[in-house]
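S.K.: Take this structure first; my questions come after.
Laboratory data are not the source of any read-out in this text; all were calculated from the coordinates shown. If you're wondering where the values come from, they're calculated on a predicted model, not measured in any experiment. Ideal geometry is used to build each Cβ from the backbone, glycine not excepted, and the neighbour counts take in all protein chains shown.
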2 protein chains.
Amino acid sequence: MTANRRFLLTRRPHGTPVREDFSFVEQAVPHAPEGGFVVRNCYASLDPAQRGWMDDAPSYMPPIPLGDAVRASTIGVIAESRSPDFQVGDWVMGLNALEDYSVGVTGGFTNKVDISQVDSPSRFLSAMGAVGLTAYFGLTEVAKPKPGETLLVSGAAGAVGSAVGQIGKILGARVIGIAGGPGKCRRLIEDYGFDEAIDYKGKSVEQLAAEIRAVAPGGVHVLFENVGGDVMDAALLNLAKYARIVLCGLISEYNSPEKIGVRNLWQVLAQQATLYGYLIMDYAPRFAEGGAVMAGWMAQGRLRIDEDVQEGLENTYDVFMRLFTGANTGKLVLKIADGL
Amino acid sequence: MTANRRFLLTRRPHGTPVREDFSFVEQAVPHAPEGGFVVRNCYASLDPAQRGWMDDAPSYMPPIPLGDAVRASTIGVIAESRSPDFQVGDWVMGLNALEDYSVGVTGGFTNKVDISQVDSPSRFLSAMGAVGLTAYFGLTEVAKPKPGETLLVSGAAGAVGSAVGQIGKILGARVIGIAGGPGKCRRLIEDYGFDEAIDYKGKSVEQLAAEIRAVAPGGVHVLFENVGGDVMDAALLNLAKYARIVLCGLISEYNSPEKIGVRNLWQVLAQQATLYGYLIMDYAPRFAEGGAVMAGWMAQGRLRIDEDVQEGLENTYDVFMRLFTGANTGKLVLKIADGL
């Protein structure tokens, strides 16, 4: 390749990102700096979190600079190296960007991975990457559902949610999922083994709260929250005493200039619940450990992690928007190249 | 006395309670049931929480039944007893109601207290009661501020808030209080020893957030939240990483039919904060222990718990409303009688 195609953020989106917020350019392929390397990106992770990184608001990472390529976790191959730790041809995972080639440095986010363990390198962006391990550590280290407890998952058909529900079942919880539309709800039961599925579409907070109550009359012991807004408000009306809430995402508001947050916050107090703001980053040193457990469950047929692999860096905008239209099921991955 | 004057809830308030939501009646003095007793209420605690108990909404206690006297913590004297555990003349504290005489039973919420320890029985409703101990256990058992950490308290001039700030100072934290108006802010500094005081009145969320940032550039490690709404939204924009939030009250919305909750919930996730829904009830078995520590600090002149003692059961409505107009400073107590 002689060009580095890059998907740039050129304007901060106001609400739902539009095509004009980005530009797709060809630039020169970068060279490895002293002590660094160049990664040929092969698969990129597309996640709701990226929408947050586009805003100029206080968050856990600096905003993506205007004019820079959109930040993304990728898996790829070392194409050029001036670091003794990385050899050309090594497969690596790292926090890079939506572009053909990214520059990395030793001691950064980039780590080598052994793709002989998996049927597709994309697995390191789904089951054994941040998404699968968000579910794994969020349950095993934060919420810790006990056998027989009721676990409610919002965004349940999403990449994180579907893993949360299945891991919840493995841990012995009774699992209720909330998703949008009958098709997704059917998949929760049939593909992912949830005990109950609730379709939030077209329902008021009160209606949704009543549907949750009907299947969780003893209340929700663990709420794994990916959505926020009305869905979270309905869930909060059904907390059991001392409920644990893992606040993992708020996809309902990523595209809203006006933040709604959560209106039934009182219930957190009334039920003496604990709400944990949860990011996977702190668990990065334990990814190999968690990934091994996930791989074991998958090998046993107890855990199914679907991927929605879409092709072509030139299609990034349309593929990214699948996250917000409800079109995608499973972990959304953009395939950029096969290898070097 | 031949009559039992009672302050009844006769209609559920819509928003701010109006006089017509209540009625003040005289009924017959009750008699002690088998195994029970009658308390002559002398002082009653008036607290924002009572407003919540008037709503017909899911909470940590059942709503006050319409036509019943408004529930309140009181301290009083046993006036009649058919229980071997309580003798006429014993001073007791319990969850009773705004009325001259309440009926209690052995094994209920009523406990004997030793008023010889204190200069006024009302102390058991302030420093050594639920209010003072809400501050004490909320800091020592939930938030656990470390020396040098920044503690932000909203509703800081209130009964709980002023105790929180002072205990935070005793524990070595740097303490910032948010209160309404220059008079209250001056009291935070002069009377309660806060390091900084911020007046929230007339300020937008953004302005308030900027004022907090100016005095807490390293972020807020512990947020003791009594208010909610705009004040909490501004505080959330200043969380330090891994902040602990004690959600103790949401006085800004108790009189709002429309719940706002909190809009900057995202910050809890972004800063990996933990938010604890906190009620004092679980610590009731440790009240004597906590009360002894509080009494010690007061004796040493390190802790000042002000009381706003107002007189007369017939004035209950006007006195209660002092909580919401900003008129009261210190723990609001209604004096009903001197004793038997």
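S.K.: Among B:L275, B:G161, B:A337, which residue has its Cα furthest toward the positive end of the charge dipole of chain B, with +1 on Lys/Arg Cβ and -1 on Asp/Glu Cβ?
M.R.: About the Cα centre, the residue reaching furthest to the positive side is B:L275.
S.K.: Still on this structure: Quick check: from the Cα gyration tensor, does the range B:130-281 come out rounded (a/c under 1.5), prolate or oblate?
M.R.: Working: a/c = 1.15, a/b = 1.09, b/c = 1.05.
Note, shape of the range B:130-281 comes out rounded.
S.K.: Same structure, new question: Just need the Rg to Rh number for chain A, please, alpha carbons only, Kirkwood Rh.
M.R.: On the way: Rg = 20.2 Å, Rh = 20.6 Å.
Rg/Rh: 0.98.
S.K.: Output, in nm with one decimal and in ascending order, the distances from the A:M61 label point to the matching label points of the other copies (7 Å from Cα along Cα-to-Cβ).
M.R.: Relative to the other copies, A:M61 has label-point distances of 4.7 nm.
S.K.: Do any GluC sites (Glu not before Pro) in the range B:240-340 lie in a DSSP loop with no more than 10 other beta carbon atoms within 10 Å, and if so, which? Mind showing how you got there, number by number?
M.R.: Working: sites: B:E253, B:E258, B:E289, B:E307, B:E311, B:E314; in loops: B:E258.
Of the GluC sites (Glu not before Pro), the ones in loops of the range B:240-340 whose Cβ has at most 10 other Cβ atoms within 10 Å are B:E258.
S.K.: What does the net charge come to around B:F194 if you take all other residues with beta carbon closer than 13 Å to its beta carbon, with K and R at +1 and D and E at -1? Please report the intermediate quantities before stating the final value.
M.R.: Details: positive: B:K169, B:R174, B:K184, B:R186, B:R187, B:R304; negative: B:E190, B:D191, B:D195, B:E196, B:D199.
Here the charged neighbours net out to +1.
S.K.: Right, another one. Students often get this wrong, so check it: of A:K169/B:K144; B:K112/B:K146; B:K169/B:K331; A:K259/B:K203, which have C-alpha atoms separated by over 25 Å?
M.R.: Numbers: A:K169/B:K144 35 Å; B:K112/B:K146 35 Å; B:K169/B:K331 20 Å; A:K259/B:K203 19 Å.
Long pairs (Cα-Cα over 25 Å): A:K169/B:K144; B:K112/B:K146.
S.K.: Given the -39500 (n - 2.57) contribution per DSSP H run of 4+ residues, what per-residue ellipticity at 222 nm results for chain B, rounded to the nearest 500 deg cm²/dmol? The partial results should precede the final answer.
M.R.: On the way: 9 runs with 82 residues, N = 340.
For chain B, the value works out to -7000 deg cm²/dmol.
S.K.: Mind checking A:275-281 for the average number of partner chain beta-carbons within 10 Å of each residue's beta-carbon? Before the final figure, lay out the partial values.
M.R.: Working: counts 10, 6, 16, 4, 5, 0, 1.
What the average comes to for A:275-281 is 6.
S.K.: Now for a separate question. Closest to the A-onto-B rotation axis, which residue of chain A has its Cβ, and how many Å off the axis is it?
M.R.: A:L275, 2
S.K.: Additional query: With Cβ to Cβ distances under 11 Å as the rule, what net charge do the other residues near B:G36 carry (K, R +1; D, E -1)? List each step's numbers first, then the result.
M.R.: On the way: positive: B:R82; negative: B:E34, B:E80, B:D85.
Summing Lys/Arg as +1 and Asp/Glu as -1 gives -2.
S.K.: In nm, one decimal, shortest first: how far is the label point of A:K144 (7 Å from Cα along Cα to beta carbon) from the matching points in the other copies?
M.R.: Spelled out, the distances from A:K144's label point are 1.3 nm.
S.K.: Please give the charge dipole size of the protein assembly as shown, origin at the Cα centre, charges +1 on K and R Cβ atoms and -1 on D and E Cβ atoms. Round to the nearest 20 debye. Before the final figure, lay out the partial values.
M.R.: On the way: 62 positive and 76 negative charges, 88 e Å.
Using Cβ point charges on Lys, Arg, Asp and Glu, the protein assembly as shown gives about 420 debye.
S.K.: Could you work out the mean count of beta carbons from other protein chains within 10 Å of each residue's beta carbon in A:57-69? Provide the component values of the computation, followed by the final result.
M.R.: On the way: counts 5, 10, 5, 7, 1, 0, 0, 0, 0, 0, 0, 0, 0.
That average works out to 2.
S.K.: May I ask for the equivalent-ellipsoid semi-axes of the protein assembly as shown, computed as the square root of five times each C-alpha gyration tensor eigenvalue and listed largest first in whole Å? Don't jump to the answer; show the numbers that get you there.
M.R.: On the way: eigenvalues 596, 141, 91 Å².
Over the Cα atoms of the protein assembly as shown, the semi-axes work out to 55, 27, 21 Å.
S.K.: Among residues other than A:A234 whose Cβ falls under 10 Å from its Cβ, what is the net charge (Lys/Arg +1, Asp/Glu -1)?
M.R.: On the way: positive: A:K203, A:R213; negative: A:E206, A:E211, A:D230, A:D233.
Value of the local net charge: -2.
S.K.: May I pose another question? Might you report the magnitude of the Cβ-based charge dipole of the range B:130-281 about its Cα centre, with Lys and Arg at +1 and Asp and Glu at -1, to the nearest 20 debye?
M.R.: 240
S.K.: Every other copy gets compared here: list the nm distances from the B:A28 label point (7 Å along Cα to Cβ) to its counterparts, shortest first, one decimal.
M.R.: 10.0
S.K.: If I take the Cα coordinates of the range B:14-134 and project them onto the principal axes, what are the three extents in Å, biggest first?
M.R.: 42, 33, 25
S.K.: Run the reach check for A:K335 against aspartates and glutamates, Cα to Cα strictly under 17 Å, same-chain hits fewer than 8 apart removed. What comes back?
M.R.: Excluding near neighbours in sequence, the set is A:D47, A:E99, A:D100, A:D119, A:D306, A:E307, A:D308, A:E311, A:E314, A:D318.
S.K.: Test of understanding: what is the full-extension gain from B:E34 to B:I189, defined as 0.36 nm times their sequence separation minus their Cα-Cα distance?
M.R.: On the way: separation 155, 0.36 × 155 = 55.80 nm, distance 5.24 nm.
Here the answer is 50.6 nm.
S.K.: Assuming 0.36 nm per residue, please report the length gained on full extension of the stretch A:N315 to A:E141 beyond their Cα-Cα distance.
M.R.: 58.9 nm
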